[in-house]
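Asker: Have a look at the structure that comes next, please.
Computed from the coordinates by the stated procedures, all read-outs in this text should not be read as laboratory data. Just so it is clear, the model here is predicted, and its values are computed rather than measured. Here the Cβ positions follow ideal geometry from the backbone for every residue, glycine too, while neighbour counts run over all protein chains shown.
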Amino acid sequence: MNTTDISDAPVFSFRRMGGLDQVLLRTDEEWRQLGQLDPKVWMALSCPTRGLEFDARTLTLLDTDQDGRIRSTDVLNAVAWVCERVRHPSRLTEPNTGLPLDNLRDDTPLGAELRAAARLVREKSGQTDAGEISPEQAGAALAAVTDYAFNGDGVVPASSVDKDDEQTARFIRLGLTVVGGKRDDSGQPGLDSALAGLFLERLRSARAWRQSVHQADLPLAHETSAAWSLLQRLRPKIDDYFNRCRMAAFAPQALAALNEDAELTPSDEGGQALFSLEALARLPLARVAPDQPLPLARGVNPAWGDDLDAFRRLLAPLIHEDGENGDGEHGGAVPADSLNEKNWRAIQERFAPYAELLARKPGYERPPDDARRAEFPGLPPLALAGEDDPLQRDFLPVAPEEALDSLSSAELDALLDGGAEHAFADYVRRDLAAPRMAAVRDLEKLTLLHVHLYTLLMNFVSFADFYDPERQAIFLAGTLYLDSRACYLCVPVTDLDTHVRLAAQSHLCLVYCECRRTSGSGEEKTSLIAAALTAGGTDALIEGRHGIFVDNAGRDWDTSMLRLVRNPISLREAMWAPYLRFGAMVGEQLQKLVAAKDEAITKASSKAVSVLDKDFKADASSTAAGAPPKATFDFAKGAGIFAAFSVGISVVSAAFAYIANSIFSLGWWWPVALLILFVCISGPSMLLAWFKLRRRSLGPLLDASGWAVNNGAPINMTMGAALTAVGQLPPGAHHSLDDPYSLHAQLRRKKYPAWLPAAGLTALLLLAAGLAFWFWKEGAPVWLQQWLPAVKK
């Protein structure tokens with residue numbers, strides 16, 4: 001049950017157009033309350049973004065989800081967005097080419113931002129005193145965004161820094177490699193205050209960790225880091241070697257297997273697999289023997305020779321602390337020749353505090369392996385961030401830890417001394433003080449909507465533009481000129497068969513045409529259209545008939561007719577349809593009769609020629625034999641032929657006289673009789689056509705083109721007649737009847753007296769009138785009554 005209080009409902013103004021009530025949106029309140037208008041009275045609920053004679057940029061702005069369709073929610077959101085930024089939304093109904101600046105609101109932060117953006121646009125366009133901003137001016141200001149050092153978004157890229165301020169530029173570039181960045185309105189990555197603070201925090205953490213490392217008791221002083229990296233690389237192989245030695249002591253019979261790799265087969269490829277570094281790297285570091293130390297100088301695996309040599313030199317002090325060299329004496333820093341398992345465990349214990357220190361080293365996230373990379377000239381490589389990034393970054397650092405490790409202690413101190421931090425903060429303040437490019441984008445959007453939104457509403461919420469003879473709907477593609485007619489209701493077609501099936505429910509007579517046009521570059525373009533025929537006839541319309549289609553841009557296309565969907569066009573066509581069908585039937589029957597008679601005469605003529613030929617030969621032979629010749633012509637028979645011909649003419653004349661006598665016998669009622677006869681013949685056809693014509697609708701035609709039409713959008717007979725124009729002479733044209741091929745002209749060229757045609761026509765008319773009067777008053781002559789019993793008194 002609907003419990004809405006009618007007294008609180010907004011008041012909308014409607015106009016009756018085409019048999020429907022069309023909302024007009026004339027007041028500010030109607031615009032602001034459009035969301036409360038019942039969707040059931042909207043003319044359309046969605047439409048495609050293609051095939052419309054509408055500004056493409058505005059359609060892109062309205063299609064927020066980029067699915068190629070404009071829905072009622074998109075329209076309502078656009079109207080609400082406009083109402084939040086302008087004083088009087090009803091001014092959108094006025095024809096204009098831009099946004100009047102006095103219509104911007106000045107009582108809201110949004111209005112203040114738009115006014116600041118408008119000042120920037122006017123400055124860049126050189127029209128500081130202009131009273132309105134056009135979409136072209138706002139677009140030009142956005143196109144030049146890369147030329148603006150500061151754009152009000154709070155993000156500072158390295159390109160916005162002064163050329164002589166290399167310290168701050170390097171601060172920004174390093175920040176991008178450590179914490180990532182956000183996209184500036186210019187498209188370049190940069191830092192804002194939050195990311196700059198995070199970058200400084202990570203720099204302080206890195207410096208604090210380095211200080212803790214320097215203060216720790218390192219096993220090998222400054223060489224500890226290199227030794228640790230080597231130790232991490234060799235640890236698995238050294239552990240593996242001592243494990244094999246213990247296994248050899250436990251199971252001597254497995255000694256041969258412990259010194260080989262099961263995957264190595266010396267017979268493969270002539271034994272070459274055994275000598276590859278990849279294969280050697282899988283073998284133990286040295287030959288395995290029970291409880292044998294690891295040799296470091298001689299008898300080592302060639303694949304690991306360099307690493308063991310470096311291990312022998314770097315870790316010599318640690319090896320000698322818990323063991324002896326090969327000569328049985330403590331060698332100090334002299335490289336040892338071997339390493340026993342006890343030495344190995346002691347070395348790992350010495351590096352345990354350093355491993356704990358490394359575990360406390362700050363670590364930072366890395367982008368996923370499948371993240372797309374972003375390259376910018378003069379900037380380090382970055383990766384694109386996901387939409388769920390907690391810091392709302394647009395770019396992620398590729399290797400943040402390596403970037404921090406590459407900085408020396410002096411560079412860390414220089415970055416943290418406060419100079420770069422204060423300089424960057426100053427750039428952020430300067431950027432925030434400038435007009436925001438986002439506000440300029442909003443200004444461009446507002447100018448486009450101010451110019452074009454009302455047109456969309458009058459073709460979506462209502463079809464006022466379609467029913468207004470002074471305006472043109474956005475779904476009309478152009479004008480088709482075909483068969484002495486101009487068809488104004490033309491819509492684009494994508495799928496011919498589907499469109500024919502759906503559009504047939506419109507009860508319009510539709511012509512489908514293929515349009516072709518060659519562009520200036522030589523490219524041939526093709527398209528399909530459907531045009532409604534609402535005047536004239538269809539007798540001359542056949543597939544392949546050519547015409548011209550002129551689109552709304554004034555470009556002409558060659559057309560070829562593909563299909564015709566037949567439906568009644570007008571009552572005039574339906575009125576004469578029975579007589580045309582009867583005439584066509586009679587003409588067809590006469591053609592068949594004449595063809596049959598022609599064939600019979602041809603056969604009879606051939607037979608007569610054969611007979612005459614035989615008679616001629618017989619006469620010649622009888623003359624030679626002395627017989628009398630046959631008579632050449634029988635006058636009695638000739639008289640009979642002429643009498644029969646005269647009787648035929650009399651019969652036809654009597655038939656017409658009988659019809660005339662029957663009609664005139666009604667007295668002054670004979671016009672009524674003719675009218676009744678006319679109604680009986682044309683009435684059923686006209687009545688059937690009237691029922692179909694009143695069902696004509698635009699809705700199914702637009703539905704077939706991808707629209708979701710809410711109401712039927714009927715097309716009555718008056719409007720239908722205006723959708724197609726039949727060719728006729730222009731007003732005030734001078735019309736001459738001097739036809740060079742008329743009978744009068746022919747007689748004049750043959751030098752007959754000028755009065756002869758008029759005299760002959762007058763004599764025929766007088767003769768016909770006298771005969772009609774004689775038959776009506778006196779009746780048929782006696783000699784004719786025997787042939788026409790029906791006219792006897």
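Asker: Assuming R0 = 56 Å, what is the FRET efficiency of Leu357 and Ala143, from their Cβ-Cβ distance, to the nearest 0.05? Walk me through the numbers before you get to the answer.
Answerer: Numbers: r = 54 Å, r/R0 = 0.97.
Computed FRET efficiency for Leu357 and Ala143 comes out at 0.55.
Asker: How far apart, in nanometres, would the label points at Arg313 and Ala722 be if each is projected 7 angstrom from Cα along the Cα-to-Cβ direction?
Answerer: 9.8 nm
Asker: For segment 390-454, build the charge dipole from Cβ charges (+1 Lys, Arg; -1 Asp, Glu) around the Cα centre, then report which of Ala433, Tyr454, Leu415 sits farthest towards its positive end.
Answerer: Projecting each Cα onto the dipole axis, the largest value belongs to Tyr454.
Asker: Put a dot 7 Å past each Cα toward the Cβ at Asn77 and Glu411; how far apart are the dots in nm?
Answerer: Each label point lies 7 Å from its Cα, and together they span 4.6 nm.
Asker: In debye, nearest 20: dipole of segment 442-594 around its Cα centre with unit charges on the Cβ of K, R (+) and D, E (-)?
Answerer: Dipole about the Cα centre, nearest 20: 500 debye.
Asker: Assign unit charges at the C-beta atoms only (+1 for Lys and Arg, -1 for Asp and Glu), then state the dipole size of segment 86-130 relative to its Cα centre in Debye, rounded to the nearest 20.
Answerer: Values: 7 positive and 7 negative charges, 17 e Å.
Around 80 debye, computed over segment 86-130.
Asker: Of Ala540, Ser506, Val493, whose Cα points farthest to the positive end of the dipole of segment 493-579 (charges on the beta-carbon: +1 Lys, Arg; -1 Asp, Glu; origin at the Cα centre)?
Answerer: Among Ala540, Ser506, Val493, the one farthest towards the positive end of the dipole of segment 493-579 is Ser506.
Asker: Follow-up question, since we're still on this one. List, in the order given, every pair from Lys525/Lys692; Lys592/Lys614; Lys163/Lys361; Lys237/Lys361; Lys124/Lys182 whose Cα-Cα distance in the structure shown is over 30 Å. Numbers along the way, then the final one.
Answerer: Numbers: Lys525/Lys692 37 Å; Lys592/Lys614 33 Å; Lys163/Lys361 36 Å; Lys237/Lys361 26 Å; Lys124/Lys182 26 Å.
Violating the 30 Å limit, Cα to Cα: Lys525/Lys692; Lys592/Lys614; Lys163/Lys361.
Asker: Something else: Can you give me the Cα centroid spacing of segment 389-411 and segment 449-465 in angstrom?
Answerer: Segment 389-411 and segment 449-465 have Cα centres spaced 51 Å from each other.
Asker: Here's something else I'd like to know. Compute the length gained on full extension between Ser193 and Val11: take 0.36 nm times their separation in residues and subtract their Cα-Cα distance, giving the result in nm to one decimal. Could you put the intermediate results ahead of the total?
Answerer: On the way: separation 182, 0.36 × 182 = 65.52 nm, distance 4.98 nm.
Separation in residues times 0.36 nm, less the Cα-Cα distance, equals 60.5 nm.
Asker: Here's a follow-up. Counting Lys and Arg as +1 and Asp and Glu as -1, what is the net charge of the other residues whose Cβ lies under 13 Å from the Cβ of Cys515?
Answerer: That works out to -1.
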